[in-house]
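What follows draws every value from the coordinates through simple rules; no lab data is involved. Bear in mind the structure is a predicted one, so any value in this text is a computation, not a measurement. No Cβ is skipped: glycine too gets one built from the backbone with ideal geometry, and neighbour counts run over all protein chains shown.
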Amino acid sequence: MKPIRLMSGFFTVGVWTLLSRVLGFVREVMILSLIGPGPLMDAFVAAFRLPNMFRRFFAEGAFNAAFVPMFSKRLEAGADADTFAQNAFSGLFFIVTFLTALGMIFMPALVWLTAEGFTDDGRFDLTVGYGRIVFPYILFMSLSALFSGILNATGRFAAAAAAPVLLNIFVISALTIATLTGAEAINWLVWAVPLAGIAQLTLTWRAAANAGFSLRPALPRWNKNMRDLVVIALPAALASGVMQVNLVVGQLVASQYENAVSWLFAADRLYQLPLGVVGIAVGVVLLPELSRRLQAGDDAGAKSALSRAAEISLALTIPSAVALMVIPLTLVSVLFERGASGTDDTAAIATAVMIYGLGLPAFVLQKIVQPLYFARGDTQRPFYFALVAMVVNGGLAFGLAPWVGWLAPAIAATAAGWIMYALLAIGARGFGKTARVDARFRTRIWRIIAASLVMGAALWFFNLQLSALLALPWWRGLGLFILLVLGAIAYFGSGQMMGAFKLSEFKAAMRRGR
């Protein structure tokens, strides 16, 4: 077996994802500044969530959970992987094209189901109009996700990881043009989304062709392989659907409160930075690696891959969560408070960021544990676990709303995230030794936590010392940069001394990922 280099693959995906998230911050800063929390932004967020919701349901969640392990195993065994990929592509193309047409026709019903609170004001018609423009994004991104799965399974992570950067580039460019020309920013924003989807599909399609998998639309062929794919994908689709129901529940509750949809969206983007860079990157690399090692009977290699993925992801996630909880107001004020976004918006977003920070480790841990199931073709139990998490999320979101208002969805999401991880971890015990971390991880995790607490204390102290600099409009960015650098020095310095990790390991992995 020619193994995927886990650490270098993680850093390749992580670096591109970091670039995407940084540009995503620029994108959100521009949206909040030019449009601001209010009816227009609420409508765009609700409209853009529709294609993203179905994309995760059909492509990144269900389809890839079934497709990547099956494709990886056929690739490892030399069992006609290209024919399998072609049939999967044709089937996905047919299904998502049909779904896209239905969604555009019945857009008012979709908006009512996902943002019922908009019905009595102008946000409803705005969301319907924006939704019909951005909804075709699901087709382009679903197909791009399939090509990304092919590339990841063959150890070619760069193109697939780079594709999401294009959305941010297109949106930033569109908003810049709108600003320079005096045009309506919202109109340029919504049209940038489908154009970016076309660009992302083109990039991954060409990269897969260069990797030897040149796929074209064709009539779907129903055979045993496709039947097996559907059997495995259906529970994963239901599980992904449950997770999307959680998002819809949160939006339904938030839509009852003025500006709340925009506030939660901004907070979500901030905690998605470490989640994307760490959790998603590790999950993308770990699934094909586990699938191929299990196919080859390499149990020791599978255990090592799981342990190293958990170790590196938590070494970056835990300090990120601490930072979100210790300095949320500073982060939000520097990043988002400008133009149409004011101090009240900053305070609201910062509160939600702190709550999401509590759940960040759980969301990342889910990305690590889920591949243990998917690599074995077990997509049913994650579905049952997701159902439990959905009940917890819905009960808390609606139940807490009368007492905590629009913050209920954030609290519910965090609690449901920890419940989901706990169920996945308990269920994985039945997989035996390959699902257990090694002695090195068990030794280092407590040192990682200790180093993170040292960093949290340093951030709190230096945040007070730099308060004057952080209050100056033109110097806030420099103040935040200095604060984060000091926090990083505290974390990596104390972590190195405590033996939580070795900085040489990070450097070696980055060199291999170039």
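Please give me the summed charge of the neighbours of VAL22: other residues whose Cβ is under 13 Å from its Cβ, Lys and Arg +1, Asp and Glu -1.
Values: positive: ARG21, ARG27, ARG269; negative: GLU28.
Once positives and negatives cancel, what remains is +2.
Under the classification rounded if a/c is under 1.5, otherwise prolate if a/b is larger than b/c and oblate if not, where does the stretch 145-227 fall, given a ≥ b ≥ c as square roots of the Cα gyration tensor eigenvalues?
Working: a/c = 3.67, a/b = 2.18, b/c = 1.68.
Prolate is the answer for the stretch 145-227, as a/c is 1.5 or above and a/b outweighs b/c.
Shown for the chain: lysine pairs separated by 8 or more places, or found on different chains, whose C-alpha atoms are under 28 Å apart, numbering 19. For the chain, the 222 nm mean residue ellipticity estimated from helices alone, with every DSSP H stretch of n ≥ 4 adding -39500 (n - 2.57) and the total spread over all residues, rounds to -27500 deg cm²/dmol.
Sort GLU116, GLU337 so the one with the fewest other Cβ atoms within 10 Å of its own Cβ comes first.
On the way: GLU116 15, GLU337 22.
The order, fewest Cβ neighbours first, is GLU116, GLU337.
Per residue, the average separation of C-alpha pairs within less than 8 Å and at least 6 apart gives the chain a relative contact order of 22 percent.
This ranking places ARG476, ARG308 by how few other beta-carbon atoms lie within 10 Å of each, fewest first, which gives ARG476, ARG308. Whole angstrom only: what separates the Cα centroid of the stretch 163-226 from the Cα centroid of the stretch 412-456? The two parts, judged by their Cα centres, are 36 Å apart. Just one of [x] 165; [y] 140; [z] 194 is volume of the Cα convex hull per residue in Å³ as worked out from the coordinates here. Which one is it? Only one listed value fits the structure, namely [y]. First check a/c for the stretch 326-458, with a ≥ b ≥ c the square roots of the eigenvalues of its C-alpha gyration tensor; if it is under 1.5, answer rounded, and if not, answer prolate when a/b is larger than b/c or oblate otherwise. Oblate is the answer for the stretch 326-458, as a/c is 1.5 or above yet b/c matches or exceeds a/b.
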